Amino acid sequence: MCGIVGYVGFRSVSDLLVEGLHRLEYRGYDSAGIAILHEGKMSVRKKAGRVLELAGILQSQPILGHAGIGHTRWATHGAATDQNSHPHLGGNGEVAIVHNGVIENYDTLRKQLTALGYVFHSQTDTEVAAHLLAHNLEEQIILGGSASDIETCLKVVELTLEKLKGTYGLGIMFRDCPDTVIAARCGSPLVIGVGKDEYFLASDASPLVGYTKEVVYLSDHEVAVLQPTGLRIDHRKTGSVFPNVHVLEQVSADIELGDYEHYMLKEIFEQPQTVENAIRGRLDSEEATSVMGGLNLTAKDLRRIDRIVLTACGTSWHAGLVGEFLLEEFARVPTEVEYASELRYRNPPMTDRTLVFAITQSGETADTLAALRECKRKGHPTLAICNTVGSTIAREADGGIYLHAGPEIGVASTKAFTSQVTVLTLLALYLGRMRHMSYPAGRRIIGQLRDMPDKISKTLQCHDKVLEVADKYFRFNNFLYLGRLYNFPVALEGALKLKEISYIHAEGYPAAEMKHGPIALVDEQTPSVFVIPRGGIYPKVVSNMEEIKARRGPVIAIACEGDTDIARVADDVIYVPDVEEYLQPLVCAIPLQLLAYHVALLRGCNVDRPRNLAKSVTVE
Ligand code: G6P
């Protein structure tokens, strides 16, 4: 949700900032802009629309310089217009800022600053911070400070942050303080790239790839000064902080599109590999269990646990629902999956035996982070199932399990879902084998998990059939997605994928529950996608399908290969390999991802950058 970049050093900064913004565009693409400080002059270029548009402007109106900040926006306050684009200037251009987050008391501050004579040019919450900085600078100068002195500038930043309520990741430049970018964080992520005589700033590590592998993650309440001569970090309460340098694992090729037309398609096709990565080194055939090194809890601690709460948003919540079923079946531990946005304000009864897992691809989702912090505050052990190494949630959790799926760029999550489900299966096996799961049962699950990358490769062979189905149905405006047991979360996820990228109304429902409402929607114009691989209650789901057919609703079935009977009821069948019921989400989700992808393409939608959405939702 909004991406920030910054740089000080010796390189020509304009292209570098634009390249960084391209890489962060998944965080928001309502507008883009940069500010460059050169020889005492602050130059700004900004434009509503994609980073490409900004790049176009910079071609005709280039800016020179070696220090700058940039921003790609997901609008919160104020429409996606040129005026509301960042960077924003404060006062008479003494300061430029970029901001990710929400300043909750902006209305009060705006009134106060307007009364003081500051003129607002945008509807954003950010502009109040820009003017407040300018105002505090003016006051400090009256008190004897100097606009070119970094200590004065830091004092100004501190006075400003004291007044701000809400969340922010800020990149700040003072016009009279050359070769300096100041960063401040409270709730929105910031990473500093450490080079030789140069420093980079970004919302996540992707803009740094190819420039430096050494990064420092800024923590909440820290303020950093980036100058070519060095990096200084102060915690607002505890003072100077020694920069803890981490080495970035990400390699450049991870974020290349390769031969694919879209990141989403690339990421769908990466799933045999990403599921393999999630399993690698984590299966112990000897002990018939999985290896969970990062949980930082002893077997004794884990044996005490009598309840698990999984918390997440969006697709990660759907993976959590599969996790609930897995943990209850394999480990017999009562488990609930909670929307993080609800859990953060709810106060469900939880004892000291409750273990909390945050599930998140990005590790930055504001609600998930807040729910994790709330549980941590109450003293619960908090763990993360996370993809992004070094993300805030990964760092703040007491321990956890990484997905190792590589960067997911497509806004609609695909490979993260299957990796999360895989990791949750490993976790259920681990906890199950600590309780009453037998050795042979553990061995059987290990064998089945080892086969999954191959099964997923075979699943992807349904691509042509999905294309045919998409072509037949892409003009319909309402869809139902139905499944039962392990395939109910898959139905939810299939509906979400379609909604997200093709803007078609779709509802996921437990197949039998649809009789209590959604069936009223069924007619020739409302196709139902049934997730109906073989399993214990297969005949029951066939009956649900018949109920839809009886009302002339078109039916698309996701079924197991060899199931020819289903073709007599369904209008179209997409076959997937036959796997155990608990593994069905890993194969059944894939045709639904592909279906959403092709329907969206056929409707002319921007698959990787769907309207109104952002990959990383860092505001509440
Ligand atoms: C956004 C993304 C979704 C994602 C959700 C949770 O809505 O568009 O794809 O599932 O956030 O994100 P997380 O990074 O916490 O898994």
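The values are calculated or read from the model by the stated rules, or taken from the named source; none is laboratory data. The structure displayed is predicted, hence computed values, not measured ones. Note that each Cβ is placed from the backbone with ideal geometry, even for glycine, and that neighbours are counted across all protein chains shown.
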Inset, instruction - Within the stretch 499-518, count every residue that is more than 16 Å from the ligand (Cβ to nearest atom) and either of a type outside the set (D, E, K, R) or not in a strand (DSSP E or B) (or both). - result: 12
Legend entry - Criterion: over 21 Å from the mean Cα position of the chain (by Cα) and farther than 30 Å from residue 444 by Cβ - qualifying residue of 348, 334, 381: 348
Legend entry - Single match in 566, 558 (criterion: more than 16 Å from the ligand (Cβ to nearest atom) and more than 29 Å from residue 264 (Cα to Cα)): 566
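Residue-wise test of (1) under 19 Å from residue 4 (Cα atoms); (2) at pLDDT below 95; (3) assigned to a loop (DSSP other than H, G, I, E, B).
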site: 78; (1), (2), (3): yes, yes, yes
site: 83; (1), (2), (3): yes, no, yes
site: 86; (1), (2), (3): yes, no, yes
site: 89; (1), (2), (3): yes, no, no
site: 121; (1), (2), (3): no, no, yes
site: 128; (1), (2), (3): yes, no, no
site: 131; (1), (2), (3): no, no, no
site: 141; (1), (2), (3): no, no, no
site: 145; (1), (2), (3): no, no, yes
Legend entry - Count of residues meeting criterion [of a type in the set (A, V, I, L, M, F, W, C) and more than 30 Å from residue 139 (Cβ to Cβ)] in the stretch 64-94: 5
Legend entry - Matching residues in the stretch 510-524 - criterion: being of a type in the set (Gly, Ala, Ser) and either under 11 Å from residue 551 (Cβ atoms) or crowded, with 18+ Cβ neighbours inside 10 Å (or both): 511, 520
Legend entry - Filtered residues of the stretch 284-297 (kept if in contact with a Lys or Arg (Cβ under 7 Å, 6 or more places away or on another chain) and not in a loop (DSSP other than H, G, I, E, B)): 289, 290
Legend entry - Scope the stretch 569-615; condition in a loop (DSSP other than H, G, I, E, B) and either more than 16 Å from the ligand (Cβ to nearest atom) or closer than 20 Å to residue 488 by Cβ (or both); matching residues: 569, 570, 571, 577, 578, 579, 580, 603, 604
Inset, instruction - Considering only the stretch 519-546, state which residues are within 17 Å of residue 576 (Cα to Cα) and not in a helix (DSSP H, G or I). - result: 529, 530, 531, 532, 533, 534, 535
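Results for (1) under 21 Å from residue 486 (Cβ atoms); (2) more than 11 Å from the ligand (Cβ to nearest atom); (3) touching a residue at least 40 places away in the same chain (Cβ under 8 Å), shown as yes or no for each residue.
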| site | (1), (2), (3) |
| --- | --- |
| 378 | no, yes, no |
| 382 | no, yes, no |
| 395 | no, yes, yes |
| 399 | no, yes, yes |
| 402 | no, yes, yes |
| 414 | yes, no, yes |
| 427 | yes, yes, yes |
| 431 | yes, yes, yes |
| 440 | no, yes, yes |
Legend entry - Filtered residue count, the stretch 187-229, keeping only those that are touching a Ser or Thr at 6+ places or on another chain (Cβ under 6 Å), within 20 Å of residue 72 (Cβ to Cβ) and not β-branched (Val, Ile, Thr): 5
Inset, instruction - Could you look through the stretch 343-369, keep only residues that are in contact with a helix residue (DSSP H, G or I) (Cβ under 7 Å, 6 or more places away or on another chain) and away from the ligand (no atom under 11 Å from the Cβ), and pick out the one that is nearest to residue 219 (Cα to Cα)? - result: 344
Inset, instruction - Name, by its number, the condition in (1) modelled with pLDDT under 95; (2) surrounded by 20 or more Cβ atoms within 10 Å (Cβ to Cβ); (3) not aromatic (Phe, Trp, Tyr) that does not hold for residue 293. - result: (2)
Legend entry - residue 496, sole failed condition from (1) more than 16 Å from the ligand (Cβ to nearest atom); (2) in a helix (DSSP H, G or I); (3) of a type in the set (A, V, I, L, M): (1)
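For the stretch 2-57, enumerate the residues that are on the phi > 0 side of the Ramachandran plot and surrounded by fewer than 24 Cβ atoms within 10 Å (Cβ to Cβ).
Across the stretch 2-57, the qualifying residues are 9, 39, 40, 49.
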Inset, instruction - Please find, among 37, 54, the residue that is assigned by TED's automatic domain parsing to the domain that holds residue 202 and free of Cβ contacts under 8 Å to residues at least 40 places away in the same chain. - result: 54
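Which of the residues belonging to the stretch 588-617 are modelled with pLDDT of 95 or more and of a type in the set (A, V, I, L, M)?
589, 590, 592, 594, 595, 596, 599, 600, 601, 602
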Inset, instruction - Kindly indicate the residue of the stretch 324-342 that is part of a helix (DSSP H, G or I) and within 13 Å of the ligand (Cβ to nearest atom) and also surrounded by the most Cβ atoms within 10 Å (Cβ to Cβ) among those meeting that condition. - result: 340
Legend entry - Residues located in the stretch 526-544, provided they are in contact with a strand residue (DSSP E or B) (Cβ under 7 Å, 6 or more places away or on another chain) and either modelled with pLDDT of 95 or more or polar (S, T, N, Q) (or both): 526, 527, 528, 529, 530, 531, 532, 533, 544
Legend entry - Residue tally, condition closer than 22 Å to residue 580 by Cα and within 16 Å of the ligand (Cβ to nearest atom), over the stretch 280-314: 0
Inset, instruction - Return a yes/no flag: does the stretch 57-69 have any residue that is in contact (Cβ under 8 Å) with a residue 60 or more places away in the chain, closer than 20 Å to residue 619 by Cα and not in a loop (DSSP other than H, G, I, E, B). - result: no
Legend entry - Scope the stretch 364-393; condition modelled with pLDDT of 95 or more and of a type in the set (Gly, Ala, Ser); matching residues: 370, 371, 384
Inset, instruction - Kindly indicate whether any position in the stretch 19-32 is assigned by TED's automatic domain parsing to the domain that holds residue 200, touching a residue at least 40 places away in the same chain (Cβ under 8 Å) and more than 21 Å from the chain's Cα centre (by Cα). - result: no
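Based on this model, can you work out whether residue 179 counts as in a loop (DSSP other than H, G, I, E, B), on the phi > 0 side of the Ramachandran plot and among the charged types (D, E, K, R)?
Values: in a loop (DSSP other than H, G, I, E, B): yes; on the phi > 0 side of the Ramachandran plot: yes; among the charged types (D, E, K, R): yes.
It is true that residue 179 is in a loop (DSSP other than H, G, I, E, B), on the phi > 0 side of the Ramachandran plot and among the charged types (D, E, K, R).
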Legend entry - Checking residue 233 against (1) of a type outside the set (S, T, N, Q); (2) part of a helix (DSSP H, G or I); (3) farther than 27 Å from residue 406 by Cβ; (4) in contact with an Asp or Glu (Cβ under 8 Å, 6 or more places away or on another chain), the condition it does not meet: (2)
Legend entry - For residue 388: the one exception among (1) over 15 Å from residue 204 (Cβ atoms); (2) among the polar types (S, T, N, Q); (3) within 13 Å of the ligand (Cβ to nearest atom): (1)
Inset, instruction - Identify the residue in the stretch 578-620 that is acidic (Asp, Glu) and more than 15 Å from residue 263 (Cα to Cα) and, among all such residues, is surrounded by the fewest Cβ atoms within 10 Å (Cβ to Cβ). - result: 580
